[in-house]
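The values are calculated or read from the model by the stated rules, or taken from the named source; none is laboratory data. Note that the structure is predicted; figures quoted are calculated from it, not measured. Backbone-built Cβ (ideal geometry, glycine too); neighbour counts: all protein chains shown. These area figures cover heavy atoms from the full protein model, side chains too; ligands, DNA and RNA do not enter into them. Shrake-Rupley method; radii C 1.70, N 1.55, O 1.52, S 1.80 Å.
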Amino acid sequence: NAGVTQTPKFQVLKTGQSMTLQCAQDMNHEYMSWYRQDPGMGLRLIHYSVGAGITDQGEVPNGYNVSRSTTEDFPLRLLSAAPSQTSVYFCASGPRTRELFFGEGSRLTVL
Amino acid sequence: DQQVKQNSPSLSVQEGRISILNCDYTNSMFDYFLWYKKYPAEGPTFLISISSIKDKNEDGRFTVFLNKSAKHLSLHIVPSQPGDSAVYFCAASEVLTGGGNKLTFGTGTQLKVEL
């Protein structure tokens, strides 16, 4: 059972480059979200989606775009990477209850 | 404005003793609370939860207590084992107007269980 799959696991970017972090889940969950984890800051919500075609901003959305064309996929796009976006990114999904299932994380470094 | 706070960044406990991890929140709209456990280089995994209508929930060695009037919850691990060494995140849930629930996380507490 794959659960939540994130790719890539590691990425190094130069300032100004763009990239997409991929997230896929095979549990037919309606809810999907992206968090970033920074030292001393915990997990902060970037964007979330309550279903295909529906997305909304979390607490730290600036510099990131998302789309939800299918139930399974929820990619996170960085249009012009900045050093402040160096972080570990987690994708999570869940049914319309409470618990979230997390991917293993994607470590991004922006030089 | 941090709505979920874990004021202890680290905690060290001897094997077999009780571990108590604390969490405070400020948003009265939170109606469900969860604890997640995270090992290095892995994603967080769900541990235990409690609804705001309860004051205690127990699952094996893990018990969560909720004090709504104080806006405080705690996680008790008895007895603590070396495999419990991890970062523990407190999370609080609120219902979204568009459906689903949004989780707000604390900053985490690094628990170390020593032999």
Given (1) open to solvent by 10 Å² or more (accessible area, probe 1.4 Å); (2) within 14 Å of another protein chain (Cβ to nearest Cβ), number of the condition residue B:64 does not satisfy: (1)
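Report the residue count in region B:75-89 for those that are open to solvent by less than 10 Å² (accessible area, probe 1.4 Å) and touching a Leu at 6+ places or on another chain (Cβ under 7 Å).
Initial filter on region B:75-89 (open to solvent by less than 10 Å² (accessible area, probe 1.4 Å)): B:75, B:77, B:80, B:84, B:86, B:88-89.
With touching a Leu at 6+ places or on another chain (Cβ under 7 Å) added as a condition, the list becomes B:75, B:84, B:86, B:88-89.
Matching residues across region B:75-89 total 5.
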Subset of region B:80-115 (residues that are more than 7 Å from chain A (Cβ to nearest Cβ), farther than 23 Å from residue A:40 by Cβ and not acidic (Asp, Glu)): B:80, B:81, B:82, B:83, B:95, B:97, B:115
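Can you say whether residue B:12 is open to solvent by 30 Å² or more (accessible area, probe 1.4 Å) and touching a strand residue (DSSP E or B) at 6+ places or on another chain (Cβ under 8 Å), as far as the supplied structure shows? Step through it out loud before you land on a result.
Details: open to solvent by 30 Å² or more (accessible area, probe 1.4 Å): yes; touching a strand residue (DSSP E or B) at 6+ places or on another chain (Cβ under 8 Å): yes.
Answer is yes for this residue.
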Residues of region A:8-30 classified as within 14 Å of chain B (Cβ to nearest Cβ) and in contact with a helix residue (DSSP H, G or I) (Cβ under 7 Å, 6 or more places away or on another chain), total: 0
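Working only within region A:62-84, note down all residues that are of a type outside the set (A, V, I, L, M) and crowded, with 21+ Cβ neighbours inside 10 Å.
First pass over region A:62-84, keeping only residues of a type outside the set (A, V, I, L, M): A:62-65, A:67-75, A:77, A:80, A:83-84.
The answer is A:74, and nothing else.
If I go through region A:45-61 residue by residue, how many of them are under 14 Å from residue B:104 (Cα atoms), buried (at least 17 other Cβ atoms within 10 Å of the Cβ) and either within 9 Å of another protein chain (Cβ to nearest Cβ) or among the charged types (D, E, K, R) (or both)?
Our first condition is that a residue be under 14 Å from residue B:104 (Cα atoms); within region A:45-61, this holds for A:45-48, A:57-60.
Remaining after also requiring buried (at least 17 other Cβ atoms within 10 Å of the Cβ): A:45-48, A:58, A:60.
Those still in the list that are either within 9 Å of another protein chain (Cβ to nearest Cβ) or among the charged types (D, E, K, R) (or both) too: A:45, A:48, A:58.
Result for region A:45-61: 3.
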Qualifying positions in region A:80-99 - facing chain B (nearest Cβ under 8 Å) and not in a strand (DSSP E or B): A:96, A:97, A:98, A:99
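Mind checking which residues of region A:62-79 are within 14 Å of chain B (Cβ to nearest Cβ) and within 11 Å of the chain's Cα centre (by Cα)?
Step one: filter region A:62-79 for residues within 14 Å of chain B (Cβ to nearest Cβ), giving A:68, A:71, A:74.
Matches in region A:62-79: A:74 only.
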Residues satisfying the stated conditions in region A:15-56, i.e. in a strand (DSSP E or B) and more than 30 Å from residue B:110 (Cβ to Cβ): A:19, A:20, A:24, A:49, A:50, A:51, A:54, A:55, A:56
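Would you be able to say whether some residue in region A:55-72 is of a type in the set (D, E, K, R) and touching a residue at least 40 places away in the same chain (Cβ under 8 Å)? Explain how you work it out, then say what you get.
First pass over region A:55-72, keeping only residues of a type in the set (D, E, K, R): A:56, A:59, A:68, A:72.
If we keep only those that are touching a residue at least 40 places away in the same chain (Cβ under 8 Å) as well, we get A:72.
There is at least one residue in region A:55-72 that is of a type in the set (D, E, K, R) and touching a residue at least 40 places away in the same chain (Cβ under 8 Å).
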